[in-house]
Amino acid sequence: MGNGSYGFRFTFESVKESYFTSFARYEEYVYAGHSSSGVVYRSTDHRNWETFMTVNDNKVTSLGVYSSTLFVGTEPEGGIYVLNSDTDKSRLLVITGDHKVSCMELYDGRLWAGTSPRGYIYSFDGTTWRQEQRMYGRGISCMAATDEKLFVFAEGAETGVCWDGESWETIGESMAAWSHASPSPSGTPLSPEHNILAVDNDGSSILFGGQNGEVLKKDDDITRLFQTDSGETTAISNIGSGMTLAAIGNKVYLIDENE
């Protein structure tokens, strides 16, 4: 494993015992879902965050942008709210039948969503939400999309699955091998079962977060971009130009690979 030497700065501290759960980017804003009171924040500079909207559920657990529209996943009702950026009006669009909409991701012209603890995978084509798959394990924890495939990880599952636009398959030996065999700086395996809690694709590689406050980058090798003792990594988002936002514990960090 390589150890990166990248610039970073602490940008925001939430209320104690609460944290950011997810990020989504649209135009000049970064949106952040919060674990308290159904709040979605937004920011243009990653340092100053304002309350943008509130949904009628306890926690905002995932965010996605599709066709100029912000989608908000919640817990414990397992709902998906939709906000049109042109009208600033929100409404409850879907009740998933699960307790938590844990992640959202764009792939192949559709918005995908994973739920927990039942582990449903849904897709949205602009008209219809459809259940695509159900995973083994204790619920879907994260998704990441490259140009070729959508990767999905579940808590308690030995490895993940991927969708290539035509069929589902278990993640192959190369991905499964490094995720279980490659040690993190704390000495624990990088396993979807144990410590991959947040995933985001940066265009050419996949970024992972772990329970020990790490942000890791996987391409041909595994590079540690950042580590802190603030707590678990709960959300990661690549915001372009080699910069990554990471929610770790109740804090938000900006990691700059250019520095």
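Every read-out reported here was derived from the displayed coordinates using simple, explicitly stated rules and does not represent laboratory data. For clarity, every value in this text was computed on a predicted model and none was experimentally measured. Don't worry about glycine lacking a Cβ; one is built from the backbone with ideal geometry, like all the others, and counts go over all protein chains shown.
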task: Determine, from the Cβ-Cβ distance of residue 219 and residue 168 and an R0 of 41 Å, the FRET efficiency 1/(1 + (r/R0)^6), rounded to the nearest 0.05.
output: 0.95
- line: Between residue 171 and residues 5 or more places away or on another chain, the pairs with built amide H atoms under 5 Å apart involve 160, 161, 162
query: Which entries in the list 217/251; 59/218; 59/149; 100/149; 59/217 go over 22 Å, if you measure between the two C-alpha atoms of each?
result: 59/218; 59/149; 100/149; 59/217
message: Can you divide the C-alpha Rg of segment 123-168 by 2.2 N^0.38 Å and report the result to two decimal places?
response: 1.19
